[in-house]
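> I have a structure here, written as structure tokens, and I will follow up with some questions on it.
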Amino acid sequence: MIYIHHIIKYSQTRSYFLAVLFFGLCTSAYCQTGDESSKQEVKKDSTTTDTTTSASSEKKELKMSLEVFKINHDLKLVARVRSKVEAKFQNTAGVEISFYKDEIKLENLLGKGISNHKGEAYWIIPLQGRIDSLTSLVFYSSVKDHSDYEDVEETITFNPSRMTINLEQEDSVRLVKIFVGHPDESGKMVPLADAECKVYVKREFGLLEVTEAQTTDADGNISVEFPDDVHGDEAGNVTIVAKIADNESIGNAEVSSTIPWGIPTTVDDFYSQRELWSARANSPISLIIIVNAALLLIWGFIAFIFLEIIRINKLGKTN
């Protein structure tokens, strides 16, 4: 019996020792696997970080266009930028664009603008009183040292022109008379023939074309009849705009003038009247009084009920 007892005890000790050994080996293997996994993850993270850094350091391609418009006695430079978003170029806002004259140098800087939601930035140059207003001018737009986009620049040449508008009324006919000219090789202003011109009326959100496109004659003149069914402001004033676009000789030119040739607009105060359908601020006085009186009556009744409950509670405690 003693011998059997020793055998059982020895077997239990051996089993316990094997269990401890097995647990130790599993723990060591698990730790080693965890270390290798951590090393692989660190290596993978390092690779990802490197890839991300290289991708973020790569600047996006930026496309730019530059146009110049002569509007009355001013030049308007319009630069537009677009960048690729999901394989398609779209207007890009928030990009600083610099405008230069003659050459991209610091001393030739005209100014800077930030592109809007249309990707456009503007710069206005007054021409009145400038000595070089009758000579060709070269302008540049540039985006440089931007954190997200590559450097890009664009140039355009402005050819001088003269465009005038006269508004005359002959009997009951209202005429818009336009002259278009440009300087010849000697610098003398001569008529510009065969230039297509359109006449518009300025509206709040754009231009409304009121006549068909007309072409200047040999003397550079156009005469169009202004319609009598155009609405103006409260005084009947309308701003008439004559516009030439993408002409080979003078590019883009525009001239405008304001005259009371429109139908006066009557201000409709329908929604400002104190009626039942009006907004809360314009509700009828009687309705405001009735509603507020009803609310006071209801809340007063509720307050009365609470006071009575409190009074009954006090009476109950006293009795």
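No lab work stands behind these numbers, since they all come straight from the coordinates. None of the values given here were measured: they were computed from a predicted structure. In this analysis, Cβ positions are derived from the backbone assuming ideal geometry, glycine residues included, and neighbour counts consider all displayed protein chains.
> Does the stretch 153-166 include one or more residues that are farther than 30 Å from ILE104 by Cα, among the aromatic types (Phe, Trp, Tyr) and out of contact with any helix residue (DSSP H, G or I) (no Cβ under 7 Å at 6 or more places or on another chain)?
Checked the stretch 153-166: no residue is farther than 30 Å from ILE104 by Cα, among the aromatic types (Phe, Trp, Tyr) and out of contact with any helix residue (DSSP H, G or I) (no Cβ under 7 Å at 6 or more places or on another chain).
> Follow-up question, since we're still on this one. Just the residues that are surrounded by 12 or more Cβ atoms within 10 Å (Cβ to Cβ) and closer than 28 Å to ILE124 by Cβ, please, taken from the stretch 167-187.
Those that are surrounded by 12 or more Cβ atoms within 10 Å (Cβ to Cβ) and closer than 28 Å to ILE124 by Cβ: LEU167, VAL176, LYS177, ILE178, PHE179, VAL180, GLY181, HIS182, PRO183.
> Let me ask you something else. If you check every pair at least six apart or on different chains, which have Cβ atoms under 6 Å apart with a residue in the stretch 182-204 that is without any contact (Cβ under 8 Å) to a residue 40 or more places away in the chain first and a residue that is in a strand (DSSP E or B) and among the polar types (S, T, N, Q) second?
What qualifies is ASP194/THR215.
> Follow-up question, since we're still on this one. Mind listing whichever residues of the stretch 187-197 are among the small types (Gly, Ala, Ser) and closer than 11 Å to LEU134 by Cβ?
GLY187
> Looking at the stretch 169-281, what strands (runs of 3 or more DSSP E) fall wholly within it and have at least 3 residues that are closer than 30 Å to LEU137 by Cα and under 34 Å from the mean Cα position of the chain (by Cα)?
196-203, 238-247, 251-259
> In the set ARG311, ARG274, which member is touching a helix residue (DSSP H, G or I) at 6+ places or on another chain (Cβ under 9 Å) and surrounded by 10 or more Cβ atoms within 10 Å (Cβ to Cβ)?
Only one candidate passes the filter, namely ARG274.
> Looking only at the stretch 61-86, how many residues end up being acidic (Asp, Glu) and assigned to a strand (DSSP E or B)?
2
> Could you give me the residue pairs with C-beta distances under 7 Å whose first residue belongs to the stretch 84-95 and is under 24 Å from TYR122 (Cα atoms), whose second residue is of a type in the set (S, T, N, Q) and not in a strand (DSSP E or B) wherever it lies, and which are 6+ apart or on separate chains?
Partner pairs satisfying both residue conditions: THR92/SER115; ALA93/SER115; ALA93/ASN116; GLY94/SER115; VAL95/SER115.
> Pick out the one residue from VAL190, VAL210, VAL224, VAL238 that is among the β-branched types (Val, Ile, Thr) and exposed (fewer than 15 other Cβ atoms within 10 Å of the Cβ).
None of the others qualify; the one that does is VAL190.
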